[in-house]
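The values are calculated or read from the model by the stated rules, or taken from the named source; none is laboratory data. Everything quoted here is computed from the prediction, not taken from an experiment. Here the Cβ positions follow ideal geometry from the backbone for every residue, glycine too, while neighbour counts run over all protein chains shown.
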Amino acid sequence: MIQTDVSTRSALVTGASSGIGAATAHRLTTEGWRVFAVARRAEKLESLAEQEGIIPIICDVTDPEQVAAALEEVTAAGGIDTLINNAGGALGMDSVAEGRPEDWRWMFDVNVLGALNMIKAFVPMLREHGEGTILTVTSTAALAPYEGGAGYNAAKFGEHALTGALRLEEAEHNIRVIEVLPGMVATEEFTAKRLRGDVAAAEAVYRGVKRPLVAEDIAEVIAAAVKLPHHVNLDQVVVRPVAQAAQHKVIREE
Ligand code: 8X3
């Protein structure tokens with residue numbers, strides 16, 4: 001299949017200070033893209049910004065004012081054709097009966113409203129471009145609820161629904177809308193945050209799993225999806241390690 005010429009491609013990646021976001025920013029720049037790397041934490045963005053082609057932008061996606069400032073910065077620097085909504089996360093593994101509303105609020109804010117804020121801000125630019133792409137990283141948690149997952153499931157189901165509606169709404173503006181749904185990916189921060197810093201419990205999640213996915217695996221999938229000719233839309237890409245045949249079936253070698 002013919003690949004689109006990437007010499008003029010430009011993306012914005014949220015949640016770019018670590019994990020899948022950082023790996024995606026690296027990957028696309030290595031392939032010649034200009035990448036605006038968006039994250040809340042300045043110190044985390046610094047090392048990433050050392051790579052040529054990466055433009056760091058400090059911005060909390062849950063704050064519409066900061067998102068408006070990021071839009072101004074990106075506009076002044078030439079704009080983008082691809083928005084990659086990766087910022088998100090899980091907090092807690094409580095049952096519904098024990099659910100903590102503050103955790104749920106945080107998860108809705110960062111996963112759902114963060115994506116909404118970014119999309120609202122950048123859609124006019126992408127429409128004007130004429131061949132825009134919006135790729136949102138949701139999760140296999142958006143497909144099937146599991147015990148202890150309710151808050152995260154609900155947030156990711158929400159982000160998944162938003163993505164589906166957006167695809168229908170923006171097709172007439174020639175914006176393709178891609179959803180990547182990763183399963184078990186071993187990243188530094190995701191599980192530690194979810195388990196409130198309990199390192200042993202976080203390690204146990206991947207115990208005995210021969211090859212969980214790593215951030216670079218998802219970055220490779222994202223890069224492949226956004227490099228396809230623009231009329232080719234991978235609506236939904238579910239990515240799991242072979243050892244995780246389903247949410248409830250993980251092969252562990254003791
Ligand atoms: C993370 C995947 O399996 O923890 O988004 O829900 S899972």
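Of the residues Ala97, Ala70, only one is of a type in the set (A, V, I, L, M), out of contact with any helix residue (DSSP H, G or I) (no Cβ under 6 Å at 6 or more places or on another chain) and over 22 Å from Ile178 (Cβ atoms); which?
Testing whether each residue is of a type in the set (A, V, I, L, M), out of contact with any helix residue (DSSP H, G or I) (no Cβ under 6 Å at 6 or more places or on another chain) and over 22 Å from Ile178 (Cβ atoms) leaves just Ala97.
From Glu159, Glu179, Glu169, Glu189, grab the single residue that is over 16 Å from the mean Cα position of the chain (by Cα) and of a type outside the set (A, V, I, L, M, F, W, C).
On the way: Glu159 fails: over 16 Å from the mean Cα position of the chain (by Cα); Glu179 fails: over 16 Å from the mean Cα position of the chain (by Cα); Glu189 fails: over 16 Å from the mean Cα position of the chain (by Cα).
Matching residue, one of Glu159, Glu179, Glu169, Glu189: Glu169.
Taking strands (runs of 3 or more DSSP E) that do not extend beyond the range 1-85, which have at least 2 residues that are of a type in the set (Gly, Ala, Ser)?
Once the strands (runs of 3 or more DSSP E) in the range 1-85 are filtered for at least 2 residues that are of a type in the set (Gly, Ala, Ser), what remains is 10-14, 34-39.
Could you tell me whether the range 134-155 includes any residue that is buried (at least 23 other Cβ atoms within 10 Å of the Cβ), away from the ligand (no atom under 16 Å from the Cβ), modelled with pLDDT of 95 or more and not acidic (Asp, Glu)?
Yes.
Within the range 172-194, count every residue that is part of a loop (DSSP other than H, G, I, E, B) and within 11 Å of the ligand (Cβ to nearest atom).
Number satisfying all stated conditions: 3.
Among the candidates Val205, Val214, single out the residue that is of a type in the set (Val, Ile, Thr), surrounded by fewer than 18 Cβ atoms within 10 Å (Cβ to Cβ), modelled with pLDDT under 95 and over 25 Å from Leu113 (Cα atoms).
Val205
On the given criteria, is Gly164 without any contact (Cβ under 8 Å) to a residue 40 or more places away in the chain, under 26 Å from Asp217 (Cα atoms) and either within 11 Å of the ligand (Cβ to nearest atom) or assigned to a helix (DSSP H, G or I) (or both)? Before the answer, list the steps.
On the way: without any contact (Cβ under 8 Å) to a residue 40 or more places away in the chain: yes; under 26 Å from Asp217 (Cα atoms): yes; either within 11 Å of the ligand (Cβ to nearest atom) or assigned to a helix (DSSP H, G or I) (or both): yes.
When the stated conditions are applied, Gly164 passes them.
Give just the number: which of (1) closer than 19 Å to Phe157 by Cβ; (2) free of Cβ contacts under 8 Å to residues at least 60 places away in the same chain does Ala87 not satisfy?
Of the numbered conditions (1) closer than 19 Å to Phe157 by Cβ; (2) free of Cβ contacts under 8 Å to residues at least 60 places away in the same chain, the odd one out for Ala87 is (2).
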